[in-house]
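The values are calculated or read from the model by the stated rules, or taken from the named source; none is laboratory data. These numbers come from a predicted model, not from an experiment. Please note: Cβ atoms are built from the backbone with ideal geometry, for glycine as well, and neighbour counts cover all protein chains shown. Please note that ligands, DNA and RNA were not included when accessible areas were found on the heavy atoms of the full protein model with its side chains. Shrake-Rupley method; radii C 1.70, N 1.55, O 1.52, S 1.80 Å.
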Amino acid sequence: MESSAAGALTSLVLLGLIGAFLLARGIEVFSTSGFKFLTGSNWVAGSEDGVIPNDFSIGPMIVGTVIVSINCDCCSLFQCPWLARCTWSFTLHKKFAEF
């Protein structure tokens with residue numbers, strides 16, 4: 001087996017182990033919190049004596065991640081043509097300055 005194939009296989013095995021770990025821990029969370037863990041907006045740490053239970057949800061974090069990702073994608077789509085034009089314009093002016 002080539003070294004690139006061995007590296008790819010190692011990456012896939014490690015990715016599978018990480019996925020299995022997350023699935024095992026995720027089942028525990030979904031069994032206690034249910035689907036509202038993904039859609040809710042609560043973030044209560046609770047008390048140490050257990051009178052106030054922990055209540056965590058990640059809905060706003062998921063929405064924020066999606067908004068930031070879309071913003072970065074849009075910026076990169078509009079930024080690259082602008083940078084290419086500025087670079088071309090700079091090199092063009094530099095060539096005319098040499099004459």
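Key figures
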| read-out | value |
| --- | --- |
| The stretch 47-76 - residue that is among the charged types (D, E, K, R) and open to solvent by 70 Å² or more (accessible area, probe 1.4 Å) and, of those, farthest from residue 26 (Cα to Cα) | 73 |
| Flag if residue 89 is at pLDDT 80 or above, surrounded by 10 or more Cβ atoms within 10 Å (Cβ to Cβ), in a helix (DSSP H, G or I) and among the hydroxyl-bearing types (Ser, Thr, Tyr) | no |
| Residues that are in contact with a Phe, Trp or Tyr (Cβ under 9 Å, 6 or more places away or on another chain), part of a helix (DSSP H, G or I) and of a type in the set (Phe, Trp, Tyr), drawn from the stretch 20-79 | 30, 37 |
| Any hit, the stretch 15-33, residues being of a type in the set (Phe, Trp, Tyr), open to solvent by 80 Å² or more (accessible area, probe 1.4 Å) and at pLDDT below 75 | no |
